[in-house]
Each structure stands twice: as structure tokens, then as C-alpha cells.
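Take a look at the structure set out below.
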Amino acid sequence: MRYTINLQGGDKAVLLIHGLTGTPFEMKPLAEHLHREGFSVKVPCLAGHGKSPDYLKATRWEDWYGTVHRHFMDLKKNHEFVAVSGLCMGTLLGLYLAHERRDEVSSLSLLSTTLFYDGWSLPWYKFLLPLVYLTPLRRAYTYQEREPYGIKNEALRKRYAFHLKNEAVGYASIPSECMHELYRLIQAVKPLMASVSTPTLLIHAIEDDLASVKNAEYVRANLGAATIRTVYLEDTYHMLTIDNRKAEVCKETARFFKEIALCRQPQKNYGAVAS
């Protein structure tokens, strides 16, 4: 189901970006928390998402970014302060936006940043997948979502798997063309990171099943921002916004955005907080 979460709140706004094959559903807990904290919040459904895998195959990463850019500019019409938070692939679109719009992006919260698919749950041949996506073989390959679906909470995982089969919360399979576009996006974002000066919060699961903490460390080492805060969380997997530690993810993101809103240049912090 294709829909947009749009919560009218205060004069400061947040744009939330879901991941590849996902929907605004996975950002809903964070959206509702930020709204309770006084922010206006928008979570658009990215181009090609929320309908069917065949519809998604017809889009490119530039189309996904087009959705982000359009909704960001809509928020800027009425809000001077607009922060951005993304999950998984949404972090890459947020970083690209911060590069392109520069100081217009007030702050970033990057959740489960995914530049390298190197998590413990991926198949042994994962290192070959980028090569497959660059060949005609990509038309014959489809990546199937598998346990644990980025979710450590077993009860939630069962419910998520049920809804995933009905495509109510995303797609059970990822068309190889879309993975190819994801790798194109990764290659587009990496060289731009040094130009991103936006204050940034990095939150990553220590046990992330899809993208190891190497991803957060890479961003911290290569981002051009003077303000970077890193939070590592235990007892959760990749889907930080809906898994066991979602409350901490919501609180840390809201606190960071409020801090930046009050003072655009808080003390530089490169320390890691493990919980």
C-alpha cells in the first residue's frame, strides 16, 4: 500500500526516509515520537515502492532520490529547520541530499547505514553479488528476504514475516535490477561524503545482520562534518526503528535534533556510546 505519513507539528520539521523495498511503516514509530516531541514530520513512500516488485523494477535510484528531494523542498517552504533521518538505503539518500542542499539540511540521523552488505546473516557468496548485478545475469536473479529480516525480537519477526508475504510492509524479494541501482547509489555517495558538513548522528546495531559496524565507522572516518555523534546499540538487529531498541533510537534522534536546533555548533563528539 502506497501512502505518506504527514504529521503537522511545530515550526521545526523532520523528513524520514525508509529503506529499499520498504514503506513508511518502518519509520512510523520514529515519526510518531518526533511528532510528540514537537516536530512536524513527513515520511514519503519512495518512487516505485508500495505497489509491486514489477513497478519497483521500472525505477532508478535517481527516481528514489527525486521523491526525497521533492518532499524536502516542500518542507523548506514552511520550515527553516528541516532535519533528515534515514534507515538503511534511506541513509544514502539522506547523505546525497545533504551534499546537494548543503546548509539547508539542518542535521542528519543515519540509522543502520548500509555502504557494505557484510552482515552475518547474508549468504557466503555475498562478495560476488556486486559482480552479478553488473552483468546480464541480474535479469535472472532475485534476492529473497530471509530470516531474521533485520529483526531480533522473535514475536515481531513472525508478524513481520506474515505481513511481508502479503507485501503489506514491503516486498519478500528484491529484484536484482534494484540491487544494481542500490550499488550505483552507493558508488555515487561515497566520493561525496567529505563534502557533507551537516551535523550527524550515527546509530548502528552491534549485531546488525545486514551491515556490520564497519559501515558506521566508515562514515565517521570519511564524513566532512565537524559534529558527529555515534551510538552503538545491543539487543537489536538492522531494523532499528521497529526492533527491541526502537525507544532509544527515537530518543537519541529527537535529542540530537533538538540540540542542533538550539545550538548549531555543539561540542564536537567522536566518542562511541555502547548500550
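Considering Thr59, Thr67, Thr23, the condition of being out of contact with any helix residue (DSSP H, G or I) (no Cβ under 6 Å at 6 or more places or on another chain), free of Cβ contacts under 8 Å to residues at least 24 places away in the same chain and buried (at least 16 other Cβ atoms within 10 Å of the Cβ) is satisfied by Thr67 alone.
It is to be established whether one or more residues within the range 105-114 are closer than 22 Å to Ala188 by Cβ, at pLDDT 60 or above, touching an Asp or Glu at 6+ places or on another chain (Cβ under 7 Å) and hydroxyl-bearing (Ser, Thr, Tyr). Yes, there is a match, as at least one residue in the range 105-114 is closer than 22 Å to Ala188 by Cβ, at pLDDT 60 or above, touching an Asp or Glu at 6+ places or on another chain (Cβ under 7 Å) and hydroxyl-bearing (Ser, Thr, Tyr).
Going through Leu137, Leu129 one at a time, which residue ends up being surrounded by 12 or more Cβ atoms within 10 Å (Cβ to Cβ), in contact with a helix residue (DSSP H, G or I) (Cβ under 9 Å, 6 or more places away or on another chain), modelled with pLDDT under 85 and not in a loop (DSSP other than H, G, I, E, B)?
Exactly one residue qualifies, and that residue is Leu129.
For the range 147-160, a tally of residues being without any contact (Cβ under 8 Å) to a residue 24 or more places away in the chain, aliphatic (A, V, I, L, M) and closer than 15 Å to His238 by Cα returns 0.
Scan the range 26-50 for residues that are among the charged types (D, E, K, R) and touching a helix residue (DSSP H, G or I) at 6+ places or on another chain (Cβ under 6 Å) and jot them down. Within the range 26-50, Glu37, Lys42 qualify. The condition (being at pLDDT below 95, of a type in the set (Gly, Ala, Ser) and at negative phi) is satisfied by just one residue among Ala58, Ala31: Ala58. Looking at the range 237-261, I want the residues that are touching a residue at least 40 places away in the same chain (Cβ under 8 Å) and surrounded by fewer than 21 Cβ atoms within 10 Å (Cβ to Cβ) and have a partner that is in a loop (DSSP other than H, G, I, E, B) and of a type in the set (A, V, I, L, M) with Cβ atoms under 9 Å, at least 6 apart or on another chain. Which pairs are those? Close Cβ pairs (under 9 Å, with a partner that is in a loop (DSSP other than H, G, I, E, B) and of a type in the set (A, V, I, L, M)) amount to Asn244/Ile151; Lys246/Met239; Lys246/Leu240. Report the residue count in the range 30-56 for those that are surrounded by 17 or more Cβ atoms within 10 Å (Cβ to Cβ) and either hydrophobic (A, V, I, L, M, F, W, C) or outside any loop (DSSP other than H, G, I, E, B) (or both). Number of matching residues: 15.
For the range 149-167, state whether one or more residues are at pLDDT 75 or above, more than 25 Å from His99 (Cα to Cα), among the basic types (Lys, Arg) and within 20 Å of the chain's Cα centre (by Cα). For the range 149-167, residues at pLDDT 75 or above, more than 25 Å from His99 (Cα to Cα), among the basic types (Lys, Arg) and within 20 Å of the chain's Cα centre (by Cα): present.
The values are calculated or read from the model by the stated rules, or taken from the named source; none is laboratory data. For clarity, every value in this text was computed on a predicted model and none was experimentally measured. Neighbour counts run over all protein chains shown; Cβ positions are idealised from the backbone, glycine included.
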